[in-house]
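The values are calculated or read from the model by the stated rules, or taken from the named source; none is laboratory data. Owing to the predicted nature of the structure, the values given are computational and were not obtained by experimental measurement. Ideal geometry is used to build each Cβ from the backbone, glycine not excepted, and the neighbour counts take in all protein chains shown. These accessible areas exclude ligands, DNA and RNA; they are computed on the full protein's heavy atoms, side chains included. Shrake-Rupley method; radii C 1.70, N 1.55, O 1.52, S 1.80 Å.
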Amino acid sequence: MQDILDLQNQIARDLPTPEIFRIHEDDYFQEIFRLDRAVIGVTTEDGLIAYSIIRLPRDAEDNLGRDIGLPEMDLNKVAHLQAAVVHPAYRGNGLQRRMTMAHLAVIEDLGYEHVCCTVSPKNPVSLGNIFSNGFVIRNLTPKFKGWWRYIMYKKNLCPIKVDKSKAGEEIAIAGRDIKGQVDLLNQGFIGFKMALLPEGFEVFYGKYQYPFTF
Ligand SMILES: CC(C)(COP(=O)(O)OP(=O)(O)OC[C@H]1O[C@@H](n2cnc3c(N)ncnc32)[C@H](O)[C@@H]1OP(=O)(O)O)[C@@H](O)C(=O)NCCC(=O)NCCS
């Protein structure tokens, strides 16, 4: 617990902007620890240098299944990727991606069908990693403190492969264009990949049906 709090607080001090990462108190982590394998950590001779957290929100108000329009009866099949952090000295080793992969296997093992998480539009590194783990953008909405968040989704069990040639129109839009992306999502588009640009990044939207994998 203390190692996690220390790493969390160190990362918080180092953020380019506070709104990309929500800080939690120890009672929040106590609740998380009730679930076996809810936390995956990476240790080196420097101690804990990275962790990933998952949570099963069940009937909690903040179940992200609601933000993507899942039917009420499916909400108890939702798992959240709740947070991932890597110590600045150890970034660039793909640890977020690898911890997420390990946690997706845990979620599958637990029999949970839907996986959701939030990512800030000001956090392209995390967005790229979550895309590469097979998630798509299903919503973009203000969350805690009014901070904008992509609501990312992955169907964890039995994903279906789709024929991309039948997907129709594909639109690339600047990551900083919040209103434009909200409009696209309201029209039934989903975000399925991103590309870094010299200034910022762009997100690609298409009218794919889900569940699917690319
Ligand atoms: C998001 C985060 C977990 C990714 O760490 P990671 O797994 O080490 O990232 P990657 O290995 O995918 O790194 C990809 C590239 O981005 C760079 N990078 C990683 N994090 C970066 C950051 N915060 N700022 C700038 N560049 C960063 C890496 O150096 C690497 O560059 P390279 O390919 O040229 O070596 C880490 O940046 C972090 O802890 N951020 C603060 C907390 C946070 O935002 N968590 C996610 C939301 S819960």
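The rows are residues; the columns are (1) assigned to a strand (DSSP E or B); (2) touching a Lys or Arg at 6+ places or on another chain (Cβ under 9 Å).
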| position | (1), (2) |
| --- | --- |
| LEU35 | no, yes |
| THR43 | yes, no |
| ILE53 | yes, no |
| ASP59 | no, no |
| LEU75 | no, yes |
| ALA79 | yes, yes |
| GLN82 | yes, yes |
| ARG97 | no, no |
Check your understanding: Can you name the condition, by its number, that HIS87 falls short on among (1) near the ligand (Cβ under 10 Å from one of its atoms); (2) surrounded by fewer than 22 Cβ atoms within 10 Å (Cβ to Cβ); (3) within 25 Å of PHE204 (Cα to Cα)?
Key -> (3)
Exercise for review: Would you point out the residue of segment 6-21, among those that are more than 14 Å from HIS87 (Cβ to Cβ) and more than 8 Å from the ligand (Cβ to nearest atom), that is most open to solvent (accessible area, probe 1.4 Å)?
Suggested key: PRO18
Review point. Checking ASP67 against (1) within 18 Å of ARG22 (Cβ to Cβ); (2) within 7 Å of the ligand (Cβ to nearest atom), which test does it fail?
Key: (2)
Point to revise | Condition met for THR141 (of a type in the set (Val, Ile, Thr) and open to solvent by 40 Å² or more (accessible area, probe 1.4 Å)) | key: no
Revision key, fill the gap. Within segment 72-84, restricting to residues that are under 12 Å from the mean Cα position of the chain (by Cα) and open to solvent by less than 30 Å² (accessible area, probe 1.4 Å), the one that is nearest to GLN8 (Cα to Cα) is ALA83
Review point. Can you tell me which of GLY47, GLY69, GLY41, GLY65 is touching a helix residue (DSSP H, G or I) at 6+ places or on another chain (Cβ under 9 Å) and open to solvent by 40 Å² or more (accessible area, probe 1.4 Å)?
Key: GLY41
Exercise for review: Please identify the pairs in which a residue from segment 99-115 that is within 16 Å of the ligand (Cβ to nearest atom) has its Cβ atom under 7 Å from the Cβ atom of a residue that is of a type in the set (Phe, Trp, Tyr), counting only partners at least 6 apart or on another chain.
Suggested key: none
Practice item. Could you grab me the full set of residues in segment 47-64 that are among the hydroxyl-bearing types (Ser, Thr, Tyr) and within 9 Å of the ligand (Cβ to nearest atom)? Key: SER52
Practice item. Among the candidates ASP14, ASP36, ASP27, ASP46, single out the residue that is farther than 18 Å from ASP62 by Cα, of a type outside the set (A, V, I, L, M) and free of Cβ contacts under 8 Å to residues at least 24 places away in the same chain. Key: ASP36
Check your understanding: Would it be correct to say that PHE33 is open to solvent by less than 40 Å² (accessible area, probe 1.4 Å), over 21 Å from PRO124 (Cβ atoms) and of a type outside the set (Ser, Thr, Tyr)?
Key -> no
